[in-house]
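Worksheet: the structure to be examined is printed underneath.
The values are calculated or read from the model by the stated rules, or taken from the named source; none is laboratory data. Predicted model, so just to flag it, every value in this text is computed and none were measured. Note: ideal-geometry Cβ built from the backbone for every residue, glycine included; neighbour counts use all protein chains shown. Just the protein is used for accessible areas: all its heavy atoms, side chains included, with ligands, DNA and RNA removed. Shrake-Rupley method; radii C 1.70, N 1.55, O 1.52, S 1.80 Å.
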Amino acid sequence: MEQLKQAIRERGNVLSDQVLKVDTFLNHQVDVNLMAAIGEEFARLFSESGITKVLTIESSGIAPSFMAASTLGTPLIFARKKKSLTMNNDVFVSSVYSFTKQETNDITVSKDFLDAGDVVLIIDDFLANGQAALGLIDIVHQAGAHVAGIGIVIEKSFQDGRKLLEEQGYRVESLARVHQLSEGRVTFVDELTT
Ligand code: G4P
Ligand code: NA
Ligand code: NA
């Protein structure tokens, strides 16, 4: 998605060869027009998939998912990282290990919001090692529902996430695929010359 790649080039900040900072439009300040365009692109990619729910994870997955759910005409559910005060114990739980943060966190979704028979589009802001996506997939399966695919805003293609998800047979649609972060510059997969 050209508009997204341009935002990454012009407003992103390469913190290291592993980490891309995009606080200017995605992870802190939110460019709502760009998020709307991203959501519409996810909806277009999965328009033939019979999606009944969009599932993401708080906090940064919510903004890019909003317009996807709106366009597809489905509810948007976000998995919680901390149990909310009003949440009862009827929840699906999955443990997610973050290699980046070197910690494990439980993510939860109330059983009220996912049913067997749901066809779910999973969306997240970043795909690194794929552990968050695998946790969300686990929760969809606990509900007896079907995963139609995974929509990612920014994929770091030099990490293992896509490989892991594709090996398990999932459709992965990433709107920007970062091949390399090096010397302050971003190289995208589709810019590679042979
Ligand atoms: P994984 O799920 O793909 O295995 O990813 P990982 O554990 O490495 O990611 C942990 C957190 O770091 C996630 O956010 C993820 O979105 C974020 N992250 C991973 N790589 C990058 C990067 O290069 N740049 C930025 N900006 N973030 C990255 P989170 O802790 O869930 O936070 P949030 O959703 O509340 O923002
Ligand atoms: Na994040
Ligand atoms: Na995230």
*Restricting attention to the range 28-51, which residues are within 20 Å of Ile122 (Cβ to Cβ), open to solvent by less than 50 Å² (accessible area, probe 1.4 Å) and not charged (D, E, K, R)?*
Met35, Ala36, Ala37, Ile38, Gly39, Phe42, Ala43, Leu45, Phe46, Ser49, Gly50, Ile51
*asked:* Go through (1) away from ligand 2 (no atom under 13 Å from the Cβ); (2) open to solvent by less than 40 Å² (accessible area, probe 1.4 Å); (3) closer than 19 Å to Val172 by Cβ; (4) in contact with a strand residue (DSSP E or B) (Cβ under 8 Å, 6 or more places away or on another chain) for Val91 and report which single condition fails.
replied: (3)
*Would you point out the residue of the range 31-54, among those that are touching a residue at least 60 places away in the same chain (Cβ under 8 Å) and in contact with a helix residue (DSSP H, G or I) (Cβ under 6 Å, 6 or more places away or on another chain), that is farthest from ligand 2 (Cβ to nearest atom)?*
Ile51
*Provide a single number: the residues in the range 124-137 that are more than 18 Å from Ser95 (Cα to Cα) and more than 9 Å from ligand 1 (Cβ to nearest atom).*
0
_Flag for Val172 being more than 16 Å from ligand 2 (Cβ to nearest atom) and of a type in the set (Val, Ile, Thr)_ = yes
_in contact with a Leu (Cβ under 9 Å, 6 or more places away or on another chain), more than 24 Å from Lys21 (Cα to Cα) and surrounded by 14 or more Cβ atoms within 10 Å (Cβ to Cβ): is that true of Ser110 in this structure?_
no
*Return only the number of the condition from (1) within 16 Å of ligand 2 (Cβ to nearest atom); (2) surrounded by 18 or more Cβ atoms within 10 Å (Cβ to Cβ) that Ser98 does not satisfy.*
(2)
*With respect to Asn13, is the statement that it is within 10 Å of ligand 1 (Cβ to nearest atom), closer than 14 Å to Val153 by Cα, open to solvent by 30 Å² or more (accessible area, probe 1.4 Å) and of a type in the set (S, T, N, Q) true?*
no
*Any residue in the range 95-112 that is touching a residue at least 40 places away in the same chain (Cβ under 8 Å) and within 12 Å of the chain's Cα centre (by Cα)?*
no
*asked:* Exactly one condition in (1) free of Cβ contacts under 8 Å to residues at least 40 places away in the same chain; (2) open to solvent by 10 Å² or more (accessible area, probe 1.4 Å); (3) touching a Leu at 6+ places or on another chain (Cβ under 6 Å) is false for Ala143; which is it?
replied: (1)
*Could you grab the pairs with beta carbons closer than 6 Å, sequence gap of 6+ or different chains, first residue in the range 116-127 and touching a residue at least 40 places away in the same chain (Cβ under 8 Å), second one open to solvent by 10 Å² or more (accessible area, probe 1.4 Å) and within 11 Å of ligand 2 (Cβ to nearest atom)?*
Asp124/Ala132; Asp125/Ser60
_Tell me yes or no: at least one residue of the range 160-170 is open to solvent by less than 70 Å² (accessible area, probe 1.4 Å) and among the basic types (Lys, Arg)._
yes
